[in-house]
Each structure stands twice: as structure tokens, then as C-alpha cells.
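What follows is a short report on a single structure.
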Amino acid sequence: MTTAAKPTSEHLGSPVADYATATASHPSNAELINKRQQHFLPTALLYHAEPLQLVKAQGEYVWDSEGRRYLDAIGGIVCISAGHNHPRIKQALRQMLDDDAIQHTSTLYLSRYPVELAETLVAEAPDGLDRAAFTNSGSEANELALMAARHATGETIVLNLRHGYHGGTASTLAQCGHHNWRFRAQPNANAVSALEPYCYRCPFQQKPESCALECAQNVETTIQTATHGKIAAMIVEPVMGVGGFITPPPAYFTEITRIVHQYGGKYISDEVQTGAGRCSNDLLLSKALDIDADMITMAKGFGNGAAIGGVLMSSEIADALAGKLYFNTFGGDPYQTVQAKLTIDIIKQEKLADNAMAMGSRLLNGLRDLMPRHELIGDVRGRGLLMGIELVKDRKSKAYATTETARLMDICKDKGLLVGKGGLFGNVIRIAPPLSINADQVDQMIETIAGALHELAREA
Ligand SMILES: Cc1ncc(COP(=O)(O)O)c(C=O)c1O
């Protein structure tokens with residue numbers, strides 16, 4: 001194992017910090033890249049032309065193996081809500097280890113931790129969603145929700161949206177609206193796609209002033225023309241994450257939930273990215289937008305980085321599953337459920353959802369202010385601290401600026417800021433920092449992105 005060489009120059013925009021801890025016997029990046037190539041599947045993605053090895057994290061910052069500090073504006077991948085290594089979560093985990101607390105017990109035994117989490121979560125849920133189940137990931141949460149909807153209705157067809165993403169398992173990939181995530185042998189039975197509510201690239205060529213929610217009407221047309229007239233469910237993200245933070249207007253949800261229910265389906269609101277106080281003053285965006293969901297799924301920020309997913313559902317759906325067995329070995333695991341429960345407590349006690357809304361609006365305004373100076377920015381959109389910048393080669397053609405987006409990410413990284421990307425053609429910068437971010441850090445983010453855009457323009 002080789003240790004990375006100490007950096008010779010100071011990292012742009014952020015000082016070298018706590019070098020000793022950050023570099024404690026980590027293999028070199030070249031070694032890791034080489035071994036990944038030998039042993040990983042070629043499907044594994046790696047961000048950045050010069051990939052990063054992140055080894056330390058605190059609050060809103062992460063450090064690489066060479067001791068460079070970065071403002072983390074993507075939070076793993078939309079996973080850090082309460083902040084990296086929150087002291088209360090660290091203390092609770094440390095105490096459990098010191099006490100030799102049961103490390104693993106499934107739901108076959110009684111345990112206070114998943115019960116306390118269910119109670120906490122249900123208290124934050126929209127009225128009528130009073131049952132909870134826990135999984136290890138967002139994909140599994142959606143699998144369970146899809147299965148429950150199909151079992152409860154006796155129907156099989158599920159509607160999804162083009163540009164949507166719900167996970168990497170078989171039936172969630174069947175609902176995926178991105179060709180690059182789907183495999184040749186992907187079974188797609190009983191999945192039907194409606195057109196996307198993508199205002200910037202409206203499939204109906206409407207403008208906000210002429211829009212009559214044609215995309216919502218399309219859900220009904222799709223059911224009428226591509227199904228036998230009854231459906232099991234529709235699964236939708238309130239803000240479409242992997243799709244590039246496509247943000248439908250609230251009225252869209254009123255209309256499509258009405259249609260889904262009219263045709264006998266259950267509405268699944270996939271809040272894997274939008275939940276945990278990131279997009280509204282409520283913990284769940286579905287509650288804030290008054291979305292009439294029968295099930296809400298969550299993961300990512302719900303556990304602040306812990307491997308946990310969850311499904312909230314109505315008693316009516318839960319009761320329809322009686323007589324069947326569903327078991328998930330690690331679902332409800334003590335260490336994961338403790339972290340999720342504390343994450344929700346911290347979000348509430350530190351008013352992090354309110355902070356996310358205030359900081360999100362500062363960020364949105366700051367990024368929109370950059371538009372007159374930077375033609376490359378086609379659109380800035382999102383809710384709370386889930387913010388996308390869609391880059392286009394020019395505003396008239398809206399041609400996807402895919403290579404420019406990757407380059408912008410790299411320049412931001414070199415300036416000490418980590419952002420993500422998304423969109424069907426990888427041309428949307430994605431920003432989803434910890435909810436604890438402050439005004440100075442938001443301003444630093446905007447300044448860094450502005451500087452990176454200038455640099456990119458000079459390179460062109
Ligand atoms: C909206 C949405 N749903 C589901 C998933 C799948 O979650 P996981 O990767 O935890 O299985 C993701 C992951 O990116 C997601 O963004």
C-alpha cells in the first residue's frame with residue numbers, strides 16, 4: 001500500500017487541512033483505478049477526469065487522500081442531509097459499540113430501534129400513511145411499493161415517466177426512463193411510460209404562459225391507449241433526480257393523482273432524493289405539495305448516508321398484504337435505524353428543512369443572476385436544496401452541452417467545490433449539499449461556479 005504524496009501547492013479556494021488524518025495510509029489513486037479496472041464491472045461510474053479518493057468528512061466538507069478540502073455540494077449522491085459525521089450520530093454509534101449493543105437482529109426478534117423509527121416517521125407523514133417498512137436501499141423500497149400496489153389492486157401494469165429513475169433492480173429498471181441505465185435483457189413487462197413534465201423541454205412545445213398541463217392529460221391518454229383501462233400503480237418522483245432535477249408544477253400532481261385513482265391505481269411518490277427535509281419545510285415534499293400518495297418511498301438522505309430505505313403506506317394497502325410473508329434480512333437493522341431516527345430528530349431540532357428552503361432560495365437567485373453573463377446556462381431549477389443547472393450549447397437550439405458539463409464539474413473540483421451531474425445526456429449540474437449549509441457557503445458555491453464558467457468560456 002503506498003501513501004499519496006503530500007501536495008506541494010495549496011488547493012485553490014480551500015486550504016490543506018488536517019493532512020495527517022486525511023492521508024493516513026491510503027493507497028494511491030492510480031493503484032485504486034488500476035484495481036477497479038481489474039475487479040469491478042465496467043458498469044461502475046467514476047466522477048472526474050482525475051478521480052478523487054475521499055477519505056474524511058465533517059459537516060459540509062470532505063477531504064481527499066492528499067489532504068485537500070472540498071465544499072461538498074452533492075453529499076455523496078444526495079445522501080448527506082444532517083451533515084457529514086454529525087456529532088450526535090457519532091456519539092450514538094460509539095455508545096452502541098461500547099455497550100456491545102446487538103449488531104444485527106432482524107425483524108424476527110423484537111427491537112426498539114425500527115419501532116422508534118417507524119413511530120417518528122409516521123408522525124411526519126401525510127395523514128393516512130401510518131404503516132412503515134424498512135429496506136437497505138431506495139431500489140428495494142420501490143420494489144416493495146410496486147409489489148404491494150400490484151398485490152393490493154390485483155392489477156399488474158405500472159405507469160412511469162420518461163426521464164424517471166427508481167433504482168437498479170429488475171422491476172425498478174423496468175420503470176426507468178433512461179436508455180443508458182437499461183440493459184439489453186431488461187424485462188419490461190407491464191411497464192408503460194407517460195410523457196415527461198419537463199417544462200424547459202416541453203414535449204408539447206408549450207411555454208409556461210400557454211401550458212394547460214398537457215403532460216398531466218397525457219397520463220390519462222396513456223392509460224386509455226396503452227393499457228386495458230386499469231392500472232396497479234403510477235410511480236413518480238416529485239422532482240426527477242437522475243433526470244436532471246426536472247421540477248413539475250404542483251398542479252401537475254393534483255391532476256395525475258386524480259387520474260391514477262380514477263383508473264384504480266395506487267400512487268407511489270418516490271422521495272428517495274426529495275425527502276428528508278431537502279425540498280420543503282416538511283420532511284416529505286409529498287406532504288408539503290399535498291400530493292395524494294398511497295405510498296411514499298425514501299432512502300439516501302433519510303439515513304444521512306446509512307444504508308437504509310423505507311416505505312410508508314396506508315393501512316388499507318398494508319392490510320391487503322396480510323397472509324403473505326415479506327422478509328428483508330437487514331431491513332430494520334439496529335445501526336441503520338438508529339441513524340435514520342437521529343437524522344430525522346436532528347432535521348427537526350436544528351430546523352434544517354427551514355434552512356434548506358432559505359439557502360435553496362438564495363442559491364436559486366444567485367444562479368439565475370449568472371444567466372445574463374453565461375449563455376451556457378439554459379435553465380436553473382429545483383426545490384429547496386435540490387438544484388439543477390441545465391447547460392446548453394446555445395439557448396435557441398438547446399443542444400445538450402454534455403462535454404462542457406463534465407469539464408465544469410472538473411473545474412469546480414479544482415477550485416474546491418464538488419457538484420454532481422445528471423440528465424439523460426449528462427448536461428445538468430446537480431447541487432444537493434448538506435441541509436446545514438450556511439449563507440457564506442452558498443455564496444462561495446455561486447462564486448466558484450461563476451469562476452468556473454468564466455474559465456470554461458476562456459478554454460472554448
Ligand atoms: C429517485 C430515486 N429512486 C430510487 C433510487 C434507487 O436508490 P438506491 O440507489 O438506494 O437503490 C434512486 C437512486 O439514485 C433515486 O434517485
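The values are calculated or read from the model by the stated rules, or taken from the named source; none is laboratory data. These numbers were taken from a predicted model, which means no experiment stands behind them. When we count neighbours, we look across all protein chains shown, and the Cβ atoms used for this are built from the backbone with ideal geometry, even at glycine.
Of everything in segment 34-62 that is hydrophobic (A, V, I, L, M, F, W, C) and either farther than 26 Å from SER137 by Cβ or in contact with a strand residue (DSSP E or B) (Cβ under 7 Å, 6 or more places away or on another chain) (or both), the residue that is surrounded by the fewest Cβ atoms within 10 Å (Cβ to Cβ) is ALA49.
None of ALA322, ALA276 is closer than 25 Å to SER106 by Cβ, under 17 Å from the mean Cα position of the chain (by Cα) and outside the structural domain of ILE431 (by TED's automatic domain parsing) except ALA276.
Quick check: anything in segment 125-139 assigned by TED's automatic domain parsing to the domain that holds THR274, out of contact with any helix residue (DSSP H, G or I) (no Cβ under 8 Å at 6 or more places or on another chain) and within 16 Å of the ligand (Cβ to nearest atom)? There is at least one residue in segment 125-139 that is assigned by TED's automatic domain parsing to the domain that holds THR274, out of contact with any helix residue (DSSP H, G or I) (no Cβ under 8 Å at 6 or more places or on another chain) and within 16 Å of the ligand (Cβ to nearest atom). Each residue in segment 25-36 was checked for being without any contact (Cβ under 8 Å) to a residue 12 or more places away in the chain and under 27 Å from the mean Cα position of the chain (by Cα), and 1 pass.
Summed over segment 63-81, residues that are surrounded by 22 or more Cβ atoms within 10 Å (Cβ to Cβ), farther than 20 Å from ILE33 by Cα and more than 16 Å from the ligand (Cβ to nearest atom) total 4. Take THR107 and decide whether it is among the β-branched types (Val, Ile, Thr), within 28 Å of VAL239 (Cβ to Cβ) and either surrounded by 17 or more Cβ atoms within 10 Å (Cβ to Cβ) or without any contact (Cβ under 8 Å) to a residue 40 or more places away in the chain (or both). Criteria not met by THR107.
Being in the same structural domain as VAL122 (by TED's automatic domain parsing) and under 28 Å from ARG201 (Cα atoms) narrows it down to one of ALA288, ALA307, so name that one. Spell out how you get there, then give the answer.
On the way: ALA307 fails: under 28 Å from ARG201 (Cα atoms).
That would be ALA288, the only listed residue that is in the same structural domain as VAL122 (by TED's automatic domain parsing) and under 28 Å from ARG201 (Cα atoms).
On the stretch given as segment 273-294, residues that are more than 24 Å from ARG150 (Cβ to Cβ) and either more than 15 Å from the ligand (Cβ to nearest atom) or surrounded by fewer than 21 Cβ atoms within 10 Å (Cβ to Cβ) (or both) total 9.
Among the conditions (1) surrounded by fewer than 24 Cβ atoms within 10 Å (Cβ to Cβ); (2) of a type in the set (A, V, I, L, M); (3) assigned to a strand (DSSP E or B), LEU325 misses just one, which is (3). Note on segment 145-161: residues that are away from the ligand (no atom under 12 Å from the Cβ) and crowded, with 24+ Cβ neighbours inside 10 Å amount to 4.
Considering (1) assigned to a helix (DSSP H, G or I); (2) modelled with pLDDT of 95 or more, the lone condition that SER171 does not fulfil carries the number (2).
Within segment 257-272, identify whether any single residue is away from the ligand (no atom under 16 Å from the Cβ), farther than 28 Å from HIS228 by Cβ, touching a residue at least 40 places away in the same chain (Cβ under 8 Å) and assigned to a helix (DSSP H, G or I), and answer yes or no.
Keep residues of segment 257-272 that are away from the ligand (no atom under 16 Å from the Cβ), which gives 257-266.
Among the residues that remain, those that are also farther than 28 Å from HIS228 by Cβ are: none.
Among the residues of segment 257-272, not one is away from the ligand (no atom under 16 Å from the Cβ), farther than 28 Å from HIS228 by Cβ, touching a residue at least 40 places away in the same chain (Cβ under 8 Å) and assigned to a helix (DSSP H, G or I), which makes the answer no.
Considered as a group, the residues in segment 162-182 that are under 26 Å from GLN224 (Cβ atoms) and in contact with a Gly (Cβ under 6 Å, 6 or more places away or on another chain) include one that is nearest to the ligand (Cβ to nearest atom), and that residue is GLY164.
State whether one or more residues within segment 403-417 are without any contact (Cβ under 8 Å) to a residue 12 or more places away in the chain, more than 16 Å from GLY243 (Cα to Cα) and assigned by TED's automatic domain parsing to the domain that holds THR448. Steps first, answer last, please.
Initially, segment 403-417 is screened for residues without any contact (Cβ under 8 Å) to a residue 12 or more places away in the chain, giving 403.
Adding the requirement that they be more than 16 Å from GLY243 (Cα to Cα) leaves 403.
From what is left, the residues that are assigned by TED's automatic domain parsing to the domain that holds THR448 are 403.
Yes.
Of the residues making up segment 117-172, those that are of a type in the set (Asp, Glu) and without any contact (Cβ under 8 Å) to a residue 12 or more places away in the chain are GLU119, ASP127.
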